[in-house]
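Take a look at the structure set out below.
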Amino acid sequence: MNPIPHALSRLRDEWKRDGAASDLGLWWLANDVRGVVGETVPEGEVRRLTLEAVRPLLESGDLRAGDMTPDGTFAPWSGPVEELVARISSEWQALGRQPDIGDVVWFVGAR
């Protein structure tokens, strides 16, 4: 039995809870996924699994994707979830490395 789907479900629960009280950076979510699959997994697989895990939270509205403005407020992205996920994937791939603090996207939960 593959333990990864169960682990991703657990991460979704954590992200939903944490996102209700704090801003979550893509780097944080990716590091959580890396903790499940291991540091030697290619970045493309970490990206795929991270997006697979976060997509249901975007679809349900439990998390919103967007940018942090210079004054620290959240500016949500608009558009269908499929476009948001494609944008995150494209910008992450363009980085050519693991995302760091502030890279690509921030997530906030329902507050």
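Selection of the stretch 1-50 for residues being exposed (fewer than 15 other Cβ atoms within 10 Å of the Cβ), among the hydrophobic types (A, V, I, L, M, F, W, C) and over 19 Å from Ser89 (Cβ atoms) yields Met1, Ala20, Ala21.
Of all the listed residues (Val85, Val105, Val81), the sole one being among the aliphatic types (A, V, I, L, M) and in contact (Cβ under 8 Å) with a residue 40 or more places away in the chain is Val105. Scanning the stretch 52-69 for residues that are surrounded by 14 or more Cβ atoms within 10 Å (Cβ to Cβ) and either over 16 Å from Gly19 (Cα atoms) or among the polar types (S, T, N, Q) (or both) turns up just one, Glu52. Cβ separations smaller than 8 Å between residues 6+ apart or across chains give the following pairs from the stretch 15-31 residues that are over 11 Å from Leu57 (Cβ atoms) to residues that are among the acidic types (Asp, Glu) and in a loop (DSSP other than H, G, I, E, B): Gly25/Asp103; Leu26/Asp103; Trp27/Asp100; Trp27/Asp103. Pairs meeting the criteria (first residue in the stretch 90-101 and touching a residue at least 24 places away in the same chain (Cβ under 8 Å), second residue of a type outside the set (Ser, Thr, Tyr) and outside any helix (DSSP H, G or I), beta carbons under 8 Å, at least 6 apart or on different chains) are Trp92/Pro99; Trp92/Asp103; Trp92/Val104; Pro99/Gly25; Ile101/Gly25.
Only a single criterion out of (1) within 17 Å of Gly102 (Cα to Cα); (2) among the acidic types (Asp, Glu); (3) at pLDDT below 95 is not satisfied by Asp32, namely (3).
So that you can scan it fast, the table gives a plain yes or no per residue for (1) of a type in the set (D, E, K, R); (2) within 22 Å of Arg10 (Cβ to Cβ); (3) at pLDDT 95 or above; (4) touching a Gly at 6+ places or on another chain (Cβ under 9 Å):
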site: Val46; (1), (2), (3), (4): no, yes, yes, no
site: Glu52; (1), (2), (3), (4): yes, yes, yes, no
site: Leu58; (1), (2), (3), (4): no, yes, yes, no
site: Asp62; (1), (2), (3), (4): yes, yes, yes, yes
site: Ala75; (1), (2), (3), (4): no, no, yes, yes
site: Val81; (1), (2), (3), (4): no, yes, yes, no
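Residues in the stretch 84-111 that are among the charged types (D, E, K, R) and within 19 Å of Ala30 (Cα to Cα) were compared, and the one that is surrounded by the fewest Cβ atoms within 10 Å (Cβ to Cβ) is Arg97. Scanning the stretch 70-111 for residues that are more than 15 Å from the chain's Cα centre (by Cα), under 19 Å from Asp18 (Cα atoms) and not small (Gly, Ala, Ser) yields a count of 3.
The values are calculated or read from the model by the stated rules, or taken from the named source; none is laboratory data. Treat the numbers as computed from the prediction; the structure is a model and nothing was measured. When we count neighbours, we look across all protein chains shown, and the Cβ atoms used for this are built from the backbone with ideal geometry, even at glycine.
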